[in-house]
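*Asks:* Got a structure for you, questions after.
Nothing in this text is a laboratory measurement; each read-out follows from the coordinates by a stated rule. Everything numeric here is computed off the predicted structure, so don't read it as measured data. Neighbour counts are summed over all protein chains in view; Cβ atoms, including those assigned to glycine, are modelled from backbone coordinates with ideal geometry.
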Amino acid sequence: MLNYRLALNLKQTELETKTNLSQNTISKVENGLGGSLEAFLTLLNFYAKHFNINNILNKDFSIVKESLEQQTSKSYNALALMKLTALEDKMHIKFDEIKEVLKS
């Protein structure tokens, strides 16, 4: 669960807001120190919107209602969005550097 949160570049407090779970509960689930089944499923449902989570679940347990193609597409979209955001940040820095050079 921790890797999914980090891949989305979310802090536990941000995930708390998005899932209505306490930061303490999120921490327990991520670290395998407890938490309820309800909390686990809440996180699983949240991450299913962004990633293909079928590899976490037993084949007999179905939480995700989308097709594998739709899930894969969302995973690729989330990855592309992360990369574009990182690129945007780098470009913003470069543009700021260029502006400073032009001002001097």
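*Asks:* Summing +1 for each Lys or Arg and -1 for each Asp or Glu, what net charge is found among the other residues whose Cβ lies under 14 Å from the Cβ of THR25?
*Replies:* Surrounding charge for THR25 is 0.
*Asks:* Between their Cα atoms, which of LYS83/LYS103; LYS28/LYS83; LYS18/LYS94; LYS18/LYS90; LYS11/LYS90 are more than 23 Å away from each other?
*Replies:* Among LYS83/LYS103; LYS28/LYS83; LYS18/LYS94; LYS18/LYS90; LYS11/LYS90, the Cα-Cα distance tops 23 Å for LYS83/LYS103; LYS28/LYS83; LYS18/LYS94; LYS18/LYS90.
*Asks:* Excluding GLU14 itself, calculate the net charge of residues whose Cβ lies under 15 Å from the Cβ of GLU14, where each Lys or Arg counts +1 and each Asp or Glu counts -1.
*Replies:* For residues surrounding GLU14, the net value is +2.
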